[in-house]
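Novice: One structure, as structure tokens, below. Some questions next.
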Amino acid sequence: MASSQTPVPGNATEALLHLGRLSLRELSMEGLLQTVADLVTTVLPGNPEASVTLLVKDAPSTVASTGQLALDLDKTQYECGHGPCLHAARTGEATEITDTRTDSRWPDYTSRATERGNRSSLAVPLVIDEDERIFGSLNLYSRKPAAFDQDSRSAAMAFGPYTAVAAGNVYAYHSARSMADNLQVALETRAVIEQAKGILMERYKMTPDHAFRLLVVASMNANRKLRHIADDLVLTGQLPAVTPGGDRRRPEPGQSHRRPGPQAPEQK
């Protein structure tokens, strides 16, 4: 949502300039789209409600809204499987209902919209990431028939390209960050497993493959992740006592406990 210290935009041009000044690195997808929904209702006349539908691999969800009417009408379309916002998201076509009482395209939806007090709506398509099949629509709902004149339509449509590009950039940025984080975790996991293997290789004079198999058996027997088993071995020198067959091995009476860890598997 726009900062309380930022003047409220008086028109679509000022609203888009405000959006252009936002730092996409500091916004989640939900935060960005909520800001769009708030701003578009601020600059359009007639006090409409707004929402943003995301269609991810054809699964719809509402990620931002300015009121209960918009939420209810989005949900109604998802239940029906069609309606103006889904049509806009799926086809890339701006979709308007001038009067829900007379529009015949989706009668099961429009009858329920009429009951909820909605009379007209406008859905602006959003193409966010075609490769990942992420589409959407910016949805406007009014309690008045024919609420969107040419100026209103032009203003609403101006939000579409910006919102789609900005949302695509936010998605790409956070996806890249997630990939980097996952890569870092993978590298750290590999490093600690290599350390644990080295300890077993030195301790029991075994091969790298034999040491890794021993870690895997310990992980399965303890029902813990391999990385956690490796972490414990590196930090404490301890490993659940196992044999390659998966059976726990108890120390024989009188056996030394100075070096905790598995019995050295017999090498062939």
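The values are calculated or read from the model by the stated rules, or taken from the named source; none is laboratory data. This structure is a prediction, so every number in the text was calculated from the model and none was measured. Positions of Cβ are generated from backbone atoms using ideal geometry, with glycine treated the same way; all protein chains shown enter the neighbour counts. Side chains included, ligands, DNA and RNA excluded: accessible areas come from the protein's heavy atoms. Shrake-Rupley method; radii C 1.70, N 1.55, O 1.52, S 1.80 Å.
Novice: Could you go through segment 148-170 and let me know if any residue there is open to solvent by 50 Å² or more (accessible area, probe 1.4 Å), touching an Asp or Glu at 6+ places or on another chain (Cβ under 9 Å) and modelled with pLDDT of 85 or more.
Specialist: Yes, segment 148-170 contains at least one residue that is open to solvent by 50 Å² or more (accessible area, probe 1.4 Å), touching an Asp or Glu at 6+ places or on another chain (Cβ under 9 Å) and modelled with pLDDT of 85 or more.
Novice: Would you confirm whether any residue within segment 80-100 is over 13 Å from L122 (Cα atoms) and of a type in the set (D, E)?
Specialist: The answer is no; no qualifying residue exists.
Novice: Of all residues in segment 69-121 being open to solvent by less than 10 Å² (accessible area, probe 1.4 Å) and farther than 13 Å from T53 by Cβ, which is nearest to the chain's Cα centre (by Cα)? Spell out how you get there, then give the answer.
Specialist: Initial filter on segment 69-121 (open to solvent by less than 10 Å² (accessible area, probe 1.4 Å)): 69-70, 73-74, 77, 83-86, 88-89, 95, 97, 100, 109-110, 113, 118, 120-121.
Next cut, farther than 13 Å from T53 by Cβ only: 69, 97, 100, 109-110, 113, 118, 120.
Details: L69: 25, I97: 31, T100: 33, Y109: 28, T110: 31, A113: 29, N118: 30, S120: 31 Å.
Ranking the qualifying residues of segment 69-121, first place goes to L69.
Novice: Also: Hey, could you check segment 122-135 for residues that are at pLDDT below 90 and not acidic (D, E) and say which is surrounded by the fewest Cβ atoms within 10 Å (Cβ to Cβ)? Step through it out loud before you land on a result.
Specialist: Applying the first criterion (at pLDDT below 90) to segment 122-135 yields 127-134.
Next, only the ones that are not acidic (D, E) stay: 127-128, 133-134.
Working: V127: 16, I128: 25, R133: 12, I134: 20.
So the residue we want is R133.
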